[in-house]
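The values are calculated or read from the model by the stated rules, or taken from the named source; none is laboratory data. Model, not experiment: these values are computed from the prediction. Note that we place each Cβ from the backbone using ideal geometry, even for glycine, and neighbour counts take in every protein chain shown.
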Amino acid sequence: MLRQYELVERVKSYDPTADEEALNRAYVFAMKMHTAQKRESGDPYISHPVEVAGILTDYRLDAATIITALLHDTVEDTPASYADIKLLFGEDVANLVEGVTKLSKVQIQSEASKQAENFRKLVLAMSQDIRVLLIKLADRLHNMRTLHFCKSPEKRKRIATETMEIYVPLAERIGMEQMKNELEDLAFQTIHPEAYESIKTRLDFLREQGKDNIKKIITALKADLKENGIKGDVSGREKRPYSIWRKMQKQNIPFEQICDIMAFRIIVSTLEDCYKVLGVIHTKYPMIPGRYKDYISTPKPNGYRSIHTGVLGPTKHRIEIQIRTKEMHEVAELGLAAHWQYKQGVHRDGKQYRWLRDLLDLLNHAQDPNEFLEHTKIAMYQDQVFCFTPKGDLITLPKGATALDFAYAVHSRIGDSCIGVKINGRISPVRTILQNGDQVDIMTSKSQHPSPEWERFAVTARAKSCIRRYLRAQKREQFIELGRQMFANMSRENDIPWSDKSLEPFLADFKQNTIDDLLAAVGEGLIPFTEVFRKIHPEHKLRLKKAISIFKKSRKPLTENDTKTPIKGLIPGISLSYAKCCHPIVGDAITGIVTTGKGITIHTKDCDVLKKFKDEPERWLDVEWNRELMKDKRLPVRIKLSLSDRPGALTEVLNILARYNSNVENLNTLDRSGDWTDVNMDISVLDTNQLDSILNDLNSLKIVSNAHRLKL
Ligand code: MN
């Protein structure tokens, strides 16, 4: 394990201005917090964050990143909190630690591997600061290096699979070849142990056979360069087991036929030299067709540049040769880091991590990102949020989506019966806007149903349409029930036997397909009730007038669910409007009238308009205010008053209204007679008591006379 002073010295070696004291403090803090914990290897836990920090010093990352690496598991695994970290190490580090903590909750389930691309997007979206991703990769690398200590074979396999599917491609995407290779090899060993072993055995055999081949070839290639006056380094290595295995898979060939197991790299100082070397090689050694690739003229999306070719080399073995400059090499190995160091030319000014700041800046305000960044742009997934079910399944939603959208994304049944949510274990409102990485647990109840206000909480088209579909069906249910009640009441009043079946012979007369259709049409008022009733019982002279009162008395509330609508006696979701003639407010005695195609209109009981319906008792509904639900809701009411023409008179009126928090929704000036003007206003009030107080107060003003409620 790296010692404290060694780590600090490493950072100081590339960044002399780094805050040494903060680094030391972080080291000690992490040590203290993790003191009682051990790794599965038996090592003290602190060895892990320290090694992660060590890995990141190889990439010459800024002190904040190194400090975060030391602290990265403290919030997750120890009593330390975000607030503690912020207090001790500042907001920058605290946010980084929080970012890594959130990422560590991302866990791909093995059966969900087809979602790998989504998980990669998630990780990118969550790493809003690219340093978070770099720390996470280093964390993963150290965990992979020590994976063999993990006792559970299932867990080993899960972590290795996740590494292969999520972190290897991410390391590749940001151009970190070295990191990618190591992660890949470690994961391969765990996922396909037999394949790994057999390739390794074969490699050992070939190595034994062709002893010193690598050395011989290096010497020969070096001589070739020298002969042509080109300066360059030549290195050679065996290919990695994983890349051999992948080639076998890809080309479907057995291991015996894989012969180019050696790869050589020639590093020169200039771009021209790259092509000179290529000329030399191709002149001297037979080229293997299909193996030549020029990633210098066409770089890989992650910025990788190099020439690749395959030839029958000096020892008559097939070999692969990569040709590149020193800069290209560092970019390939270290990814973003090296690229930006070169761009900035910052080797000397002691601010090696400027590239990071610039990169972050560019990511935040990318207008014309260069080809290198285009493919590492984290902002790519900023219009989506990625959340999890308690089982760890990933749900992707548009940004701004709420917990209710999540519920509907899981299943429309879950959405319809959602009574509450837990977000990251905490009970939260269903309208809560979700954040990346949130784990959402939907609580359901069979007795729960969508209500009209849900439409305002839903963002996704799916959720909205599910809610609407439910409400439409619900309304129809209500209209059917309403129609049924009308027939039942009228039949009882006239002593006529009644059942739904009585309607069956008359469906065609009213162009309806089912009994429910006819009941709904009557309930909704699309077909007049009396017309249907007379058709069924032409012999009966209906006692209509008397029916009115009995009808009202005998009417039972249509639903138990009275707490959800402002009017008792109606099913939630029925469309409801308040008559514009009488402007009913809480405290008024009211009556509901079924209005064709419109649902129910509420009038005050003394409203003159009701006279129009006196011959249609079936349209009358006995209703009452749901005072509990309406207790702080305001409805408009119309008042009329005469106002003195004195300046400031209207202001005095408005002051009184303001005292009652009453809004003026409409104001009309009518006749002007002498010094007084008649004014109509629609104001919002809680109930009749409040209206009385307002009218009293208005009438007590000198500039007001005869303020009163107005009904048409
Ligand atoms: Mn860790």
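Worth pointing out:
Listed here are the residues, each with its yes/no results for (1) under 25 Å from Lys180 (Cα atoms); (2) under 50 Å from the mean Cα position of the chain (by Cα).
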| position | (1), (2) |
| --- | --- |
| Glu272 | no, yes |
| Tyr275 | no, yes |
| Leu278 | no, yes |
| His282 | no, no |
| Asp294 | yes, yes |
| Tyr304 | yes, yes |
| Gly310 | yes, yes |
| Pro314 | no, no |
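- Set Lys86, Lys136, Lys105: member being at pLDDT 85 or above, within 14 Å of the ligand (Cβ to nearest atom) and under 19 Å from Gln435 (Cβ atoms): Lys136
- Only residues that are within 13 Å of the ligand (Cβ to nearest atom) and not hydrophobic (A, V, I, L, M, F, W, C) were counted across the range 22-42, and they come to 4.
- For Asn181, the test of being assigned to a helix (DSSP H, G or I), among the polar types (S, T, N, Q) and within 15 Å of the ligand (Cβ to nearest atom) is failed.
- Inside the range 24-43, residues that are assigned to a loop (DSSP other than H, G, I, E, B), in contact with an Asp or Glu (Cβ under 9 Å, 6 or more places away or on another chain) and surrounded by 16 or more Cβ atoms within 10 Å (Cβ to Cβ) make up a count of 1.
- Residue in the range 683-699 that is under 30 Å from Thr595 (Cα atoms), surrounded by fewer than 18 Cβ atoms within 10 Å (Cβ to Cβ) and charged (D, E, K, R) present: no
- Scan of the range 54-64 for residues that are within 14 Å of the ligand (Cβ to nearest atom), out of contact with any Ser or Thr (no Cβ under 8 Å at 6 or more places or on another chain) and either in contact (Cβ under 8 Å) with a residue 60 or more places away in the chain or at positive phi (or both), ordered by number: Ile55
- Checking Leu221, Leu271 one by one, the residue that is within 21 Å of Lys316 (Cβ to Cβ) and either hydrophobic (A, V, I, L, M, F, W, C) or loosely packed, with under 13 Cβ neighbours inside 10 Å (or both) is Leu221 and no other.
- The one condition in (1) part of a strand (DSSP E or B); (2) closer than 30 Å to Glu197 by Cβ; (3) of a type in the set (D, E, K, R) that Arg291 fails to fulfil: (1)
- All positions within the range 158-202 that are surrounded by fewer than 20 Cβ atoms within 10 Å (Cβ to Cβ) and under 28 Å from the mean Cα position of the chain (by Cα): Arg158, Thr161, Pro169, Arg173
- On inspection, Tyr342 qualifies as at pLDDT below 80 and among the aromatic types (Phe, Trp, Tyr).
- If you filter the range 66-83 down to residues that are surrounded by fewer than 24 Cβ atoms within 10 Å (Cβ to Cβ) and in contact (Cβ under 8 Å) with a residue 40 or more places away in the chain, you find that the one that is farthest from the ligand (Cβ to nearest atom) is Pro79.
- Conditions (1) assigned to a helix (DSSP H, G or I); (2) at pLDDT below 95; (3) more than 20 Å from Arg140 (Cβ to Cβ); number of the one not met by Thr57: (3)
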